[in-house]
Each structure stands twice: as C-alpha cells, then as structure tokens.
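Q: Pasting a structure here, questions to come.
Derivation of every value follows stated rules applied to the coordinates shown; laboratory data play no part. Since the model is a prediction, treat every value here as computed from it, not as a measurement. Positions of Cβ are backbone-derived with ideal geometry, glycine not excepted, and every protein chain shown enters the neighbour counts.
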Amino acid sequence: MVTNITNFGRSGLSDWLIQRFSAVVLALYTLFIVAYLLFNPGLDYATWSGLFAQTWMRIFSLLAFVSLAAHAWVGLWTVTTDYLKPTGIRIGVQTVIILAIFVFLVWGIQILWGA
Amino acid sequence: MSTLQVSIYRYNPETDSAPYMQEFQVDTQGRDIMVLDVLHLMKEQDNGLAFRRSCREGVCGSDGMNMNGKNGLACITPLSDVVKNGKLVLRPLPGLPVIRDLVVDMGLFYKQYERIQPYLQNDTPAPAIERLQSPEDRDKLDGLYECILCACCSTSCPSFWWNPEKFVGPAGLLQSYRFLADSRDTATDERLAELEDPFSVFRCRGIMNCVAVCPKGLNPTRAIGKIREMLLANAT
C-alpha cells in the first residue's frame with residue numbers, strides 16, 4: 001500500500017479529477033478574458049471596473065482563482081514528489097508553495113470584493 | 001567488408017571505479033543482422049562482455065536494452081531499424097541498477113509486478129470443470145496477456161525512473177488490467193483499492209513512451225486509461 005499525507009485529497013483519483021475539472025474552468029476563463037479584450041479594443045478603466053463590479057463576473061473569477069489554486073497545488077505537489085528526494089527539502093518547498101497559493105488566493109478575493 | 005562502429009556501456013563493479021563506453025569495430029559483412037548477432041560478434045572479440053539472452057526470437061524478453069537511445073529487444077531489432085550514420089550505441093535499460101555491462105537488476109520491476117497480484121483470484125467454489133468464459137469476455141484479454149515482462153516499457157518511463165518504489169509502471173499496470181478485465185476474477189474491488197493512491201496508477205502522465213517501445217506492440221497507456229475509468233466508476 002502506497003501512503004502519503006501531504007497531498008490534500010489523499011487520493012490519486014480525486015487529484016486527477018480536480019486537475020481535469022480545474023483545467024476546464026481555467027480554459028473557459030482564459031477564453032472569456034481573451035475574447036473580452038479582443039471585442040473591447042479601446043478598453044478604459046471604467047469598462048474594466050464595470051465588468052468586475054458584476055456579481056456573475058466575481059463568481060466566475062473566484063471559481064477561476066480557486067481552480068488555479070487547486071491546479072497549481074496538485075501539479076506542483078506532483079513535481080516535488082518526482083524531483084525532490086530529500087524529505088526535509090521536499091516538505092520545505094511544499095510548505096512555501098502552499099503558503100504562496102494561500103496568500104495569492106486571499107489577495108485575489110480581496111481584489112475582487114475590495115473597494 | 002562493411003564495418004559497424006559500436007559504442008557499448010561497460011561496467012564491472014569488481015574492477016571498474018566507474019562505468020565507461022567502449023568502442024568496437026564489428027564486421028557485419030554487409031548483412032542486415034539483428035543487434036543480438038552483433039553482440040555475439042563483439043563477444044568473440046571480448047569474452048568478458050556481459051548481456052542476457054535466451055530464446056533469441058522475441059519470446060523470452062531477456063535481452064531488453066537501450067539501442068541508439070530507444071529500448072527494445074536486441075534479438076528482433078535489425079540493424080536497419082536502429083543504426084544511424086553507421087554507428088550503434090548500446091546501453092543497459094535506463095533507471096535500473098547495473099550489475100555488469102548490459103545486465104541490470106530487475107528487482108524493483110518484479111516487485112511492482114508482484115504487487116498487483118498477477119494471478120487469478122476467485123472466491124466462489126471451484127466448479128468440476130474449468131471456469132468457463134464467453135468468447136466475448138475472452139476477447140477482452142487480447143492485447144494484455146501477451147506481455148513478456150521484458151521491462152522495455154517501464155524503464156523508458158520517467159514516472160518509473162523517479163518513483164520506482166511507488167509507481168507500478170506500465171508493465172505492471174498492463175497486467176493489473178489483464179486481471180481487472182478478466183470475467184473469472186472476483187477480486188476487482190480489492191485490486192482497485194490498492195491502486196487509488198496518487199502514485200500507483202496516477203503518476204502516469206500519458207506520454208506513451210511505453211507504447212512507443214513495446215516490442216510486442218501492446219498499449220499500456222490504454223490499459224491505464226481503462227483502470228482510471230474503473231476507479232472513477234467505482235468512486236463517483
């Protein structure tokens with residue numbers, strides 16, 4: 001039995017499902033933002049701010065941020081377990097990664113719902 | 001007279017402090033012989049050269065090795081398939097400990113094979129005759145049972161290189177699916193429970209190196225996809 005405690009789901013299946021679901025969300029969000037920028041060539045602050053003032057856009061953005069956080073964690077956790085063999089260094093790097101992801105997520109929420 | 005230049009990995013832990021590449025000039029007399037034949041010609045020049053071989057016809061799986069950067073069986077690989085610019089580079093299968101020259105320690109590979117319990121398990125009373133199977137159910141085992149455990153696939157897989165103690169590897173997973181797909185096997189749930197962690201199956205990134213090198217033309221990536229589907233169906 002292969003054991004592990006540092007990935008959150010404790011399950012390869014849930015990690016795999018999270019990775020695919022979040023990839024779809026991120027693809028949709030990227031397509032939307034790129035299309036929005038293409039269809040609004042002379043974009044000014046008022047229009048951009050107006051877009052993010054709408055509740056649906058904030059929910060869509062939050063979904064994308066949470067997806068990015070989950071996607072980054074599953075992916076980078078995998079990379080650390082592949083390439084960082086000394087346990088101390090691996091746990092240290094994983095700690096830095098999860099802290100950074102947490103900070104970016106809270107910061108993103110603050111930007112979305114901030115003044 | 002046509003000479004083939006062969007560069008071969010040499011390492012004898014009793015006398016060498018480090019592995020090195022040795023150059024050989026082999027007279028192939030212009031024939032498109034197999035790489036294993038070249039190895040025999042080299043052994044005539046240097047009797048100390050060590051490599052595994054047995055059936056010399058792609059059935060036993062003993063002479064898996066890395067030829068010009070690609071894993072395969074030396075006995076069924078003609079020079080015309082691998083030689084580039086008149087040069088042939090022979091190395092042991094990557095990622096496994098070298099015992100001597102091209103002979104590697106297959107212990108980790110067999111340990112992963114053992115882990116997937118490669119035998120039929122059935123908890124129902126044994127019938128008086130064989131356990132029967134419909135032709136359709138038997139067809140599901142095609143493309144799975146033919147594996148000869150030569151290790152060409154698992155040793156070409158980076159996921160197996162980085163985590164050989166935890167990732168089962170393409171060869172083991174192909175055999176795992178061979179028993180998961182068998183209508184006579186009743187241990188499906190127990191087998192799936194052993195594979196659900198983030199390493200055993202899910203460390204596969206689907207790069208298909210295993211499919212590219214399999215000398216029997218099998219497709220471990222497809223089998224791994226089927227195992228994922230079974231896990232998903234079981235858990236959602």
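Q: Can you classify the stretch B:1-57 as rounded, prolate or oblate using the Cα gyration tensor, where a ≥ b ≥ c are the square roots of its eigenvalues, rounded means a/c under 1.5, and otherwise it's prolate if a/b beats b/c and oblate if not?
A: Values: a/c = 2.67, a/b = 1.53, b/c = 1.75.
Since a/c reaches 1.5 but b/c is at least a/b, the shape of the stretch B:1-57 is classed as oblate.
Q: Additional query: What does the charge add up to near B:Ser80, with Lys and Arg as +1, Asp and Glu as -1, over the other residues with Cβ less than 15 Å from its Cβ? Could the numbers behind the result be given before it?
A: Details: positive: B:Arg31, B:Lys70, B:Lys84, B:Lys87; negative: B:Asp32, B:Asp37, B:Asp81.
Local charge sum for B:Ser80: +1.
Q: Using a cut-off of 23 Å between alpha-carbon atoms, which lysines can reach B:Lys87, once sequence neighbours fewer than 8 places away in the same chain are excluded?
A: Excluding near neighbours in sequence, the set is B:Lys43, B:Lys70.
Q: Report, as an integer, the average count of C-beta atoms from other chains found within 10 Å of each Cβ along B:86-95.
A: 0
Q: Just want the ordering: A:Val93, B:Val201, from fewest to most Cβ atoms lying within 10 Å of their own Cβ.
A: A:Val93, B:Val201
Q: Given the C-alpha centroids of the stretch B:167-208 and the stretch A:62-115, what is the distance between them in whole angstrom?
A: Cα centroid to Cα centroid, the span is 29 Å.
Q: Now for a different question. So what's the net charge close to B:Leu41: Lys and Arg +1, Asp and Glu -1, counting the other residues with Cβ under 12 Å from its Cβ?
A: -2
Q: Oh, and also: Using only alpha carbon pairs under 8 Å that are at least six residues apart, calculate the relative contact order of the stretch B:107-235 and give it in whole percent.
A: About 32 percent, as a whole number.
Q: To the nearest 10 degrees, how steep is helix B:170-180 against the longest Cα principal axis of chain B, on a 0 to 90 scale?
A: Roughly 30 degrees, rounded to the nearest 10.
Q: Moving on. Pick out which of B:Gln121, B:Gln29, B:Gln175 has the largest mean-square fluctuation in a Gaussian network model of chain B, springs linking Cα atoms closer than 10 Å.
A: B:Gln29
Q: To the nearest whole number, what is the average tally of beta carbon atoms from other chains within 10 Å of the beta carbons of peptide A:70-78?
A: What the average comes to for A:70-78 is 1.
Q: Given axes a ≥ b ≥ c from the Cα gyration tensor, I'd like to know whether the protein assembly as shown is rounded (a/c under 1.5), prolate (a/b larger than b/c) or oblate.
A: Verdict is prolate for the protein assembly as shown.
Q: Expressed as a rounded percentage, what relative contact order does chain B have, with Cα pairs under 8 Å and six or more residues apart?
A: 18 percent
Q: Continuing with this model, one more query. Need one word for the stretch B:147-212: rounded, prolate or oblate. Basis is the Cα gyration tensor (sqrt eigenvalues a ≥ b ≥ c); a/c below 1.5 gives rounded, then a/b vs b/c decides.
A: oblate
Q: Here's something else I'd like to know. If R₀ is 25 angstrom, what is the calculated FRET efficiency for the pair A:Arg20 and B:Arg131, using the beta carbon separation as r and rounding to 0.05?
A: After rounding to 0.05, the efficiency reads 0.10.
Q: Rank these for me by crowding, B:Arg191, B:Arg31, B:Arg222, going from fewest to most other beta carbons within 10 Å.
A: Sorted ascending by nearby Cβ count, the order is B:Arg31, B:Arg222, B:Arg191.
Q: Could you list B:Arg203, B:Arg56 in order of exposure, starting from the residue whose Cβ has the fewest other Cβ atoms within 10 Å?
A: If I rank by nearby Cβ atoms, fewest first, I get B:Arg56, B:Arg203.
Q: Then there's this: Using only Cα atoms, figure out Rg for chain B and give it as a multiple of 2.2 N^0.38 Å. Could you put the intermediate results ahead of the total?
A: Working: Rg = 20.2 Å, N = 236, 2.2 N^0.38 = 17.5 Å.
Ratio of Cα Rg to 2.2 N^0.38 Å: 1.15.
Q: Can I ask one more? Build a GNM of chain B with springs between Cα atoms under 10 Å: which of B:Ile129, B:Ile76, B:Ile148 gets the top mean-square fluctuation?
A: In the Gaussian network model the winner is B:Ile129.
Q: With an 8 Å Cα cut-off and a minimum separation of 6 or more residues, compute the relative contact order for the stretch B:1-124 in percent.
A: 26 percent
Q: A further question on this structure: If Rh is defined by the Kirkwood formula over all Cα pairs and Rg also comes from Cα, what ratio Rg/Rh do you get for chain A? Walk me through the numbers on the way to the answer.
A: Details: Rg = 17.4 Å, Rh = 16.2 Å.
Dividing the radius of gyration by the Kirkwood radius yields 1.08.
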